[in-house]
Structures are given as C-alpha cells and as structure tokens.
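Working notes, structure below.
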Amino acid sequence: MSLLRQDENSERHPPIRSDRFFKLHNFWFFATREGASVGPFDSKACAIKAVEDFIEFAQKADAETLEFFVPDIKYAV
C-alpha cells in the first residue's frame, strides 16, 4: 500500500480522524495532535468545524504560537 503525501500548497484539507472527538458532560471537544483538548462545543458538528479552523490556523501560525498548544510547556504569568 502506498501513502500519498499532501503537498504543502494543496487546496485539500487533511482528513479528520474520528477518534479526535469526544463528548464530556454534554459538550464536544477535540484533541490536537500535540495532545491538547479544545472545546467545549455544543455539538459534534461545531467541533468538526472548529478542528478544520484549527488546522488552518496551525498551518499559518508561527512556532512560538503553536507552543501554547503543547502540554507541559510552562509560561510566565
């Protein structure tokens, strides 16, 4: 089986994995690749739209901004 690599400039969106979504106390969340939980959302449809938006954001964000989503990174308060 061959794996297709998506071109960086491709208009296609990466596939959304179904296991990244979970429901807790009647609200929906999604987990990032880095392990952060994002939410709450009122419906799974809202969480799906949010993960699409998050992927677009992550593709455009600088490395320092993305560190905010990595667990166990300590920030000064």
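Overview of values
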read-out	value
FRET efficiency for Asp42 and Phe22, using Cβ-Cβ distance with R0 set to 22 Å, rounded to 0.05	0.90
The range 19-69: relative contact order as a whole-number percent, Cα under 8 Å and 6+ apart	27
Summed side-chain charge close to Asp42 - residues other than Asp42 whose Cβ falls under 15 Å, Lys, Arg +1, Asp, Glu -1	+3
P(r) tail fraction, the range 19-69 - alpha-carbon pairs more than 11 Å apart, %	67
Cα-centred dipole magnitude for the range 19-69, charges only on beta-carbon of K, R (+1) and D, E (-1), debye, nearest 20	300
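Any read-out appearing in this document is the output of simple, stated calculations on the displayed coordinates, not a laboratory observation. In this text, all values refer to a predicted model and were calculated from it rather than measured experimentally. Note that each Cβ is placed from the backbone with ideal geometry, even for glycine, and that neighbours are counted across all protein chains shown.
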